[in-house]
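Rule-based calculations on the coordinates, nothing more; no lab input. Given the structure is predicted, the values throughout are model-derived calculations rather than measurements. So basically every Cβ, Gly included, is an ideal-geometry build from the backbone, and we count neighbours across all protein chains shown.
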Amino acid sequence: MATSPTAPKPMRARPLSPHLGIYRFTLTMAMSIAHRITGIGLYVGVLLLAWFLIAAATDASAFRAFSRFIFSIFGRLALFGFTWALFHHMLGGVRHFLWDAGYGLDDPEREQLAQATLIGGFALTIAVWIIAYAVR
């Protein structure tokens, strides 16, 4: 007896996909999330850079408006956040490059690379800001 082509197919048992409830939250996961967030933050920083370039190319009043913003506490916080996002995202990219080359995939090295990304991002940001204020 032939089956009709429009007859429903029998259901097969499908494997359950892992979900967040069975994973233990690790620093590597947090760095993955932070890498995506800093990528978004870099877009905002590029908008600040575009504002600076447009203001510098137009007239003194436009540049004065940009300067008032960037030298305000909110502007400095935004610039500090952009600096951190830049370094953190860069170090996250280096970490992914090492993984793509086959290094640092085992358990202790993977966590150490995540710690180095976190600490290195803050250390480079603080170093750049110290140098900038010393030169200023």
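With the charge dipole of the range 27-135 set up from +1 on Lys and Arg Cβ and -1 on Asp and Glu Cβ about the Cα centre, the Cα lying farthest toward the positive end among the listed residues Ile40, Phe74, Met90 is that of Phe74. Restricting the calculation to alpha carbons of the chain gives Rg and Dmax of 24.0, 88 angstrom.
Note on the chain: dipole from Cβ charges, positive end direction compared against Ala55, Thr117, Leu27; the farthest Cα belongs to Ala55.
Looking at the chain, identify the longest residue range that excludes and avoids all chymotrypsin sites (Phe, Trp or Tyr not before Pro) in DSSP loops having at most 15 other Cβ atoms within 10 Å.
On the way: sites that count: Tyr23, Phe25, Phe71, Tyr103.
By the stated rule (loop sites, at most 15 other Cβ atoms within 10 Å), 26-70.
When Lys and Arg each count +1 and Asp and Glu each count -1, what net charge do the other residues less than 14 Å away from Leu105, Cβ to Cβ, add up to? It would help to have the intermediate numbers written out before the result.
On the way: positive: Arg95, Arg110; negative: Asp100, Asp106, Asp107, Glu109, Glu111.
With Lys, Arg at +1 and Asp, Glu at -1, the neighbours total -3.
For the chain, the Cβ-based charge dipole about the Cα centre amounts to some 440 debye (Lys, Arg positive; Asp, Glu negative; other atoms uncharged).
If I require 24 Å or longer along the helix axis, counting alpha carbons, and a Kyte-Doolittle average no lower than 1.0, what helices from the chain are left? Use full DSSP H segments.
Details: long enough: 27-57 (43 Å, 1.72); 73-100 (40 Å, 0.75); 107-135 (42 Å, 0.81).
Long hydrophobic helices here: 27-57.
Taking Cβ atoms as reference points and 13 Å as the exclusive limit, the residues near Met31 contribute a net charge of +2, counting Lys and Arg as +1 and Asp and Glu as -1.
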